[in-house]
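Q: What follows is a single structure, and I will ask about it in a moment.
The values are calculated or read from the model by the stated rules, or taken from the named source; none is laboratory data. Note that this is a predicted model, so its numbers are computed, not measured. Note that we place each Cβ from the backbone using ideal geometry, even for glycine, and neighbour counts take in every protein chain shown.
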Amino acid sequence: MTDPVTGSYPVVDVHTHVVPRGWPELSAECGGSGWPWLRIDSEREAMIMVGETEFRPIGAQCWDADTRLSDMKADGVDVQVVSPTPVFFSYDRPADQAAKVARIFNDLTLEVTERAGDRLVPFCQVPLQDPDAACAELDRSLANGHVGVEIGNHVGDRDLDDESIVTFLQHCAEVGAPVFVHPWDMPGGPRLDRWMARWLTGMPAETHLSILALILGGVFDRVPETLRICFAHGGGSFPFWLGRADNAWHRRGDLVRGRSAQPPSRYVDRFSVDSVVFDPAALRLLVDTMGVDRVILGSDYPYPLGERPVGRVVHEADFLTGDQRAMLLSRNALRFLGRTV
């Protein structure tokens, strides 16, 4: 379709999730116990279960390409980047088990996306707790048709500046695979288990912390500038508190600078964030902080905390020029995916 804003460029949503239907019993396939499983409630409704606990209700949008394409048409979206749902990352399991489940879900995801041609762009998952296994699964997935990779923002107590994760990020740069970072495994407890507080406060904080890890851990000073990496949910709370981080870097450099060569604000051109901030005022802060070329349309489709219609906040932001709006809706995503702009 031809978008009235982007013209010949496709509207691209870089933040959507998939849950294939019909995966095998994971204990038998991968070993271990306590794996997620899918309770089928009807032809178009299911529940992700963890043990006997209901984790999340899902619908056909998660596994049916035709349903996704219909919703995309309604929202004026041409292309979706389709990434795993983080509950399946399995970073807390032995690496061989996580590698097996990654292979299963990566192959099933291709079955979902192949029906839609180049309109559904698959991103794989990897066993991030083991850099060799992660690189191997990334390479296998890229060879089979995946375009990039989604990773969680940490592996237990290891953040993105951990040497093993840096090894994986360097490999992504070498093979040209874009990386989408999604927060997951947020802390719980009485204060955070109310009101979806883990999602409302924990997710933004997790993303903020992991961006700081890349900066203050010196990762951006070590990995090639060819690394294309994007953070979900507008970069969490990082854009709002960038000034605080810079102030601390200058005034308490003895504790804050870590391995970084420059203050945090000097690294905002090394990564991108999506646009899932829901309010034009928040989007203005995001664009002012990150730069208009570092904000990419995202929706968190098809989950309830996502944006529908997709791109509403970008379209409603009257401070954007037509060219800037086209950058957010299309051209920034194409650059992130390594496609010609």
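Q: Return yes or no: is SER237 of a type in the set (S, T, N, Q), in contact with a helix residue (DSSP H, G or I) (Cβ under 7 Å, 6 or more places away or on another chain), in a helix (DSSP H, G or I) and farther than 24 Å from GLY7 by Cα?
A: On the way: of a type in the set (S, T, N, Q): yes; in contact with a helix residue (DSSP H, G or I) (Cβ under 7 Å, 6 or more places away or on another chain): yes; in a helix (DSSP H, G or I): no; farther than 24 Å from GLY7 by Cα: yes.
When the stated conditions are applied, SER237 does not pass them.
Q: So which pairs qualify, if the first residue must be in region 256-284 and surrounded by 19 or more Cβ atoms within 10 Å (Cβ to Cβ) and among the polar types (S, T, N, Q), the second must be part of a strand (DSSP E or B) and at pLDDT 95 or above, the Cβ gap must be under 8 Å, and the two must be at least 6 apart or on different chains?
A: Final answer for the pair search is SER272/ILE229; SER272/CYS230; SER272/PHE231; SER272/VAL295; SER272/ILE296; SER275/VAL295; SER275/ILE296.
Q: Return the only residue of GLU137, GLU111 being farther than 21 Å from ALA232 by Cα and crowded, with 23+ Cβ neighbours inside 10 Å.
A: Values: GLU111 fails: crowded, with 23+ Cβ neighbours inside 10 Å.
Exactly one residue qualifies, and that residue is GLU137.
Q: Taking only pairs six or more apart or across chains, which ones have beta-carbon atoms under 9 Å, a first residue in region 1-23 that is within 30 Å of ASN106 (Cβ to Cβ), and a second residue that is of a type outside the set (Gly, Ala, Ser) and modelled with pLDDT under 70?
A: TYR9/ASP3; TYR9/VAL341; PRO10/MET1; PRO10/ASP3; VAL11/MET1; VAL11/ASP3
Q: Here are the criteria: (1) of a type in the set (A, V, I, L, M); (2) at pLDDT 95 or above; (3) more than 14 Å from the chain's Cα centre (by Cα). Tell me which single one LEU200 does not satisfy.
A: (2)
Q: Looking only at region 240-257, which residues are of a type in the set (Lys, Arg) and assigned to a helix (DSSP H, G or I)? Don't jump to the end; show me each part of the working.
A: To start, the set of residues in region 240-257 that are of a type in the set (Lys, Arg) comprises 244, 251-252, 257.
Matches in region 240-257: ARG244, ARG251.
Q: Given the criteria within 19 Å of the chain's Cα centre (by Cα), of a type in the set (Gly, Ala, Ser) and assigned to a helix (DSSP H, G or I), does SER164 qualify?
A: Working: within 19 Å of the chain's Cα centre (by Cα): no; of a type in the set (Gly, Ala, Ser): yes; assigned to a helix (DSSP H, G or I): yes.
Considered against the rule, which asks whether it is within 19 Å of the chain's Cα centre (by Cα), of a type in the set (Gly, Ala, Ser) and assigned to a helix (DSSP H, G or I), SER164 comes out as no.
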